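Report on the following structure.
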Amino acid sequence: MSKLETLPSQAVPAHMKDVRISIDDFLTQWNEGACEFIDIRVPSETRVWKMGFGKHIPADEIPEHLEELPRDRLLVIACPNSDRSNIVRGYLAAKGFNAKYLNGGLLGLTDKLKGGPAAAFNLEPLQ
Amino acid sequence: MTKQQNNTLVERDFDTYLRDFDYTERMAMKIGLDELLDLYARDEIQVIDIRFHEEYAAWSVGIGQHIPLNELPDRLDELDSTKTIVAMCPHYDRAEIARLYLTIKGFSSRYFTTGMLGLVDHLRGGRARDYMELVKGKEQ
């Protein structure tokens with residue numbers, strides 16, 4: 001848990017593992033029900049391309065939806081790459097959530113979720 | 001071309017198709033990103049996502065309809081034979097299998113060389129908003 005003042009101290013190599021999560025680690029944790037997934041793109045983007053799992057909360061609406069977010073699990077924040085997700089992850093971390101941004105982004109994740117990995121992916125993991 | 005007047009499709013002979021394969025067909029069988037977006041907006045093509053069900057459930061795009069490759073032979077009646085059928089998958093390898101099958105079956109068909117990953121990479125932010133506004137009311 002970190003507050004706004006302590007965020008800069010995480011921006012060093014030793015702490016980046018607390019800030020971001022790899023696609024493979026996300027898939028493992030998701031399938032185990034160990035994390036929540038939040039797609040923070042704008043609605044016009046999700047109309048073009050939508051993920052079939054997790055929550056969709058546009059970045060600019062995150063402050064109004066804090067009540068819905070679990071505090072007992074990791075929040076994995078995703079956008080196409082990792083610029084916007086990193087901003088939101090910083091915001092949520094400052095609000096006391098355990099949040100990481102998805103390293104490789106939705107583009108990397110969708111590339112991964114084809115064929116076998118897609119078939120093995122648990123859309124609704126046991127909570 | 002291959003269509004009869006009542007629009008029933010005439011299958012091509014695979015041997016003949018290969019013997020006739022030339023530089024023109026090599027280009028004609030493909031469609032890239034800009035042309036796909038343009039022809040889809042003008043309703044001149046039917047786009048099909050030929051990935052497996054699990055892949056579609058994991059993520060999907062708001063363009064075209066979903067017909068898995070292994071269901072294609074049994075779902076040809078869902079295709080509009082008056083349009084060119086464009087097959088897409090994450091990259092383009094499976095889309096090309098679908099394109100070849102449909103071509104042999106007598107359809108006009110092309111495969112999307114950019115792939116769905118290229119499509120979603122392109123349609124982000126303002127481009128996503130503008131394009132979906134342009135094609136509003138189409139399927140999905």
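Loop only by DSSP, 15 or fewer other Cβ within 10 Å of the Cβ. Give me the GluC sites (Glu not before Pro) in the range B:61-140 that pass, ordered by residue number.
Working: sites: B:Glu71, B:Glu78, B:Glu96, B:Glu133, B:Glu139; in loops: B:Glu139.
Counting only loop positions with at most 15 other Cβ atoms within 10 Å, the GluC sites (Glu not before Pro) in the range B:61-140 are B:Glu139.
Per residue, how much accessible surface does the range B:13-140 expose to a 1.4 Å probe? Answer in Å², no decimals.
Details: 6050 Å² over 128 residues.
It amounts to 47 Å² per residue over the range B:13-140.
Using helices alone, what [θ] at 222 nm do you get for chain A, with -39,500 (n - 2.57) per DSSP H run of 4 or more residues, divided over all residues and rounded to the nearest 500?
Working: 5 runs with 41 residues, N = 127.
Using -39500 (n - 2.57) per qualifying helix, the result is -9000 deg cm²/dmol.
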Query raised in the report: Per residue of B:115-122, how many C-beta atoms from partner chains lie within 10 Å of its own C-beta, taken as a mean?
Result: 4
**Report entry** Largest to smallest accessible area among B:Arg75, A:Arg20, B:Arg129 [probe 1.4 Å]
**Finding:** B:Arg129, A:Arg20, B:Arg75
Query raised in the report: Using helices alone, what [θ] at 222 nm do you get for chain B, with -39,500 (n - 2.57) per DSSP H run of 4 or more residues, divided over all residues and rounded to the nearest 500?
Result: -11500 deg cm²/dmol
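Round to a whole number: what % of the accessible area of the range A:6-97 belongs to carbon and sulfur, probe 1.4 Å?
Details: 2200 of 4250 Å².
Whole-percent figure for carbon plus sulfur exposure: 52.
Taking 20 °C and 1.002 mPa s as the conditions, I'd like the Stokes-Einstein D for the range A:17-112 in µm²/s, using the Kirkwood hydrodynamic radius from alpha carbon pairs.
Details: Rh = 13.0 Å.
Roughly 164 µm²/s, to the nearest whole number.
What FRET efficiency comes out for B:Glu35 versus A:Asp60 if R0 is 25 angstrom and r is the Cβ-Cβ distance? Round to the nearest 0.05. Show your work: numbers first, answer last.
Values: r = 34 Å, r/R0 = 1.36.
Working from the Cβ atoms, E equals 0.15.
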Query raised in the report: What residues in the range B:41-83 lose 40 Å² or more of accessible surface when the other protein chains are added to their chain alone (1.4 Å probe)?
Result: B:Glu54, B:Glu55, B:Ala57, B:Ala58, B:Trp59, B:Ser60
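Let's see if you can work this out: charge +1 on each Lys and Arg Cβ, -1 on each Asp and Glu Cβ, no other charges. What is the dipole magnitude of the protein assembly as shown about its Cα centre, in debye to the nearest 20? Walk me through the numbers before you get to the answer.
Values: 33 positive and 42 negative charges, 101 e Å.
It comes to approximately 480 debye.
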Query raised in the report: Where does the charge balance sit around A:Thr110 when Lys and Arg score +1, Asp and Glu -1, over other residues with C-beta under 12 Å from its C-beta?
Result: 0
Query - Assigned charges on the beta-carbon of Lys, Arg, Asp, Glu; chain B dipole about Cα centre (debye) - result: 240
Requested in this report: Please name which of A:Asn98, A:Ser22, A:Ala59 has its Cα lying farthest along the dipole of the range A:17-112 towards the positive end, using unit charges on Cβ (Lys, Arg +1; Asp, Glu -1) and the Cα centre as origin.
Outcome: A:Ser22
Query raised in the report: Within the accessible area of chain B, what % is carbon and sulfur when the probe is 1.4 Å and the other protein chains stay in place?
Result: 50
Report task. Please work out the Cα center distance from the range A:55-127 to the range B:102-116, rounded to the nearest Å. Result -> 35
Requested in this report: Extending each Cα 7 Å along its Cβ direction at A:Glu67 and B:Glu44, get the distance between those two points in nm, one decimal.
Outcome: 5.2
Requested in this report: Report the accessible surface area buried between chains A and B, summing both sides, using a 1.4 Å probe on protein heavy atoms only, in Å² rounded to the nearest 100.
Outcome: 1800
Query raised in the report: Taking chain A as a Gaussian network, Cα atoms linked when under 10 Å apart, which of A:Glu64, A:Glu32, A:Glu45 shows the biggest mean-square fluctuation?
Result: A:Glu64
Query - Zone of A:Asp83's modelled label, taken as backbone nitrogen in the range A:25-54 under 16 Å from a point 7 Å along Cα→Cβ - result: A:40-42
Requested in this report: Please give the average number of partner chain Cβ atoms lying within 10 Å of the Cβ of each residue in A:98-111, rounded to a whole number.
Outcome: 2
Report task. Give me the lysines in straight-line cross-link reach of A:Lys55: C-alpha distance below 30 Å, same-chain residues under 8 apart excluded. Result -> A:Lys3, A:Lys17, A:Lys95, A:Lys100, A:Lys112, A:Lys114, B:Lys136, B:Lys138
Query raised in the report: Given the options A:Leu106, A:Leu75, A:Leu66, which has the most mean-square fluctuation in a GNM of chain A, springs set between C-alpha atoms less than 10 angstrom apart?
Result: A:Leu66
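When N counts the residues of the range B:15-113, how does its alpha-carbon radius of gyration compare numerically with 2.2 N^0.38 Å, as a ratio?
Values: Rg = 13.0 Å, N = 99, 2.2 N^0.38 = 12.6 Å.
With N residues counted in the range B:15-113, Rg over 2.2 N^0.38 Å equals 1.03.
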Report task. Might you tell me the accessible area per residue for chain A, computed with a 1.4 Å probe and given in Å²? Result -> 48
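In debye, nearest 20, what is the charge dipole magnitude of the range A:17-112 about its Cα centre with +1 on Lys and Arg Cβ and -1 on Asp and Glu Cβ, if you could check? Could the numbers behind the result be given before it?
Working: 13 positive and 15 negative charges, 31 e Å.
It works out to roughly 160 debye.
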Query raised in the report: Under a GNM of chain A (C-alpha, springs under 10 Å), which listed residue has the highest mean-square fluctuation: A:Ala59, A:Ala78, A:Ala99?
Result: A:Ala59
Query raised in the report: Using r as the Cβ-Cβ distance of B:Thr82 and B:Tyr17, and R0 as 25 Å, what FRET efficiency do you calculate, to the nearest 0.05?
Result: 0.70
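The values are calculated or read from the model by the stated rules, or taken from the named source; none is laboratory data. Since we're looking at a predicted model, the values are computed, not measured. Backbone-built Cβ (ideal geometry, glycine too); neighbour counts: all protein chains shown. All accessible areas refer to the heavy atoms of the entire protein, side chains included, with ligands and DNA or RNA removed. Shrake-Rupley method; radii C 1.70, N 1.55, O 1.52, S 1.80 Å.
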